[in-house]
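I have placed the structure first, in the form of structure tokens, so that the comments after it can refer back to it.
Quick note: the coordinates plus some simple rules give every number you see, no bench work behind them. All figures in this text were calculated on a predicted structure; none of them were measured in a lab. Heads up, the Cβs are rebuilt from the backbone with ideal geometry, glycines too, and the neighbour counts pull from every protein chain shown.
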Amino acid sequence: MDTDLNQLAKKTGDAIAVHYVSLDNLEKHFLDNNSKKHDVAKLIESIRRYGFRDPLVFDPNLNDGKGGIVAGNGRLESLIEMRSQNLNLPRGLKEDWLVPVVFGVNSTSEAEAVAFSIEHNWSVLWGSEVSLEEIISMFDAENLQQQLDLLQSESSLPIAVEDNLDELLETFKEIEIPEDNQDIDEEKLKTPNHKCPQCGYRW
């Protein structure tokens with residue numbers, strides 16, 4: 001029987017604990033509408049070389065209170081793909097594809113959990129000279145904008161976004177996402193260095 005991850009998270013409280021959870025159980029707990037893009041092939045290559053050294057993080061407030069992975073959705077996707085390809089169990093996992101997951105220090109709301117999921121990915125670039133447009137390219141722009149609109153309405157914007165909100169909104173205006181992969185009239189565009197996150201079309 002699958003472990004009740006929400007109960008485990010709530011029991012852990014403000015401490016931190018690592019528990020091994022079956023991959024089948026975790027597969028039900030992807031973050032809904034996750035905006036972060038992932039290169040699964042590269043992640044698999046890294047896990048096979050170095051082992052699985054970065055545990056997933058679970059938060060019980062995600063996915064309308066059903067709980068979900070707040071950090072590590074790409075790594076979870078990679079493990080599922082590795083198993084489907086019958087690759088060797090990576091170091092860091094236990095037999096039968098049991099995966100290390102961090103529990104505890106839960107968010108106080110779903111909005112806070114979603115904000116942390118964005119911040120967790122964004123913060124690795126703090127201190128760098130990467131442009132805001134380049135940071136946004138790590139995300140699905142449409143999903144990210146929807147998440148941020150919701151978080152702003154609930155006064156729960158990530159710290160990184162609070163500092164750059166006006167510039168971020170202007171950047172979103174420049175990123176036009178075509179519907180149903182329709183052709184784009186390049187003559188109407190003022191900036192030539194964009195890529196559609198849905199179809200890969202560059203303009």
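A few notes on this one:
- Projected label distance in nm at GLU170 and ARG91, using a 7 Å step from Cα toward the beta-carbon: 4.8 nm
- Separation of the ASN33 and GLU81 label points, Cα + 7 Å toward Cβ, nm: 2.5 nm
- Counting only Cβ charges, +1 for Lys and Arg and -1 for Asp and Glu, the dipole size of the range 78-175 around its Cα centre is about 740 debye.
- Using a simple spin-label model with pseudo-atoms 7 Å out from Cα toward Cβ, ASN25 and SER131 lie 4.6 nm apart.
- Ranked list, fewest to most other Cβ atoms within 10 Å of each Cβ, for TYR20, TYR50: TYR50, TYR20
- Our coupling estimate for the range 112-122, obtained by passing each phi through the Karplus curve with A = 6.51, B = -1.76, C = 1.60 and θ = phi - 60°, is 5, 5, 5, 4, 5, 4, 6, 4, 4, 7, 5 Hz, Gly and Pro reported as x.
- Relative contact order for the range 20-127, counting Cα pairs under 8 Å that sit 6 or more residues apart, in percent: 35 percent
- Over 23 Å between alpha carbons, listed pairs LYS28/LYS94; LYS36/LYS173; LYS10/LYS36; LYS10/LYS66; LYS37/LYS173: LYS10/LYS36
- For the range 1-157, the square roots a ≥ b ≥ c of the C-alpha gyration tensor eigenvalues yield an a/c of 1.5 or more together with a/b not exceeding b/c, which makes the shape oblate.
- In order through the range 153-160: 3J(HN,Hα) via Karplus (6.51 cos²θ - 1.76 cosθ + 1.60), integer Hz, x for Gly, Pro: 5, 9, 6, 10, 5, x, 4, 4
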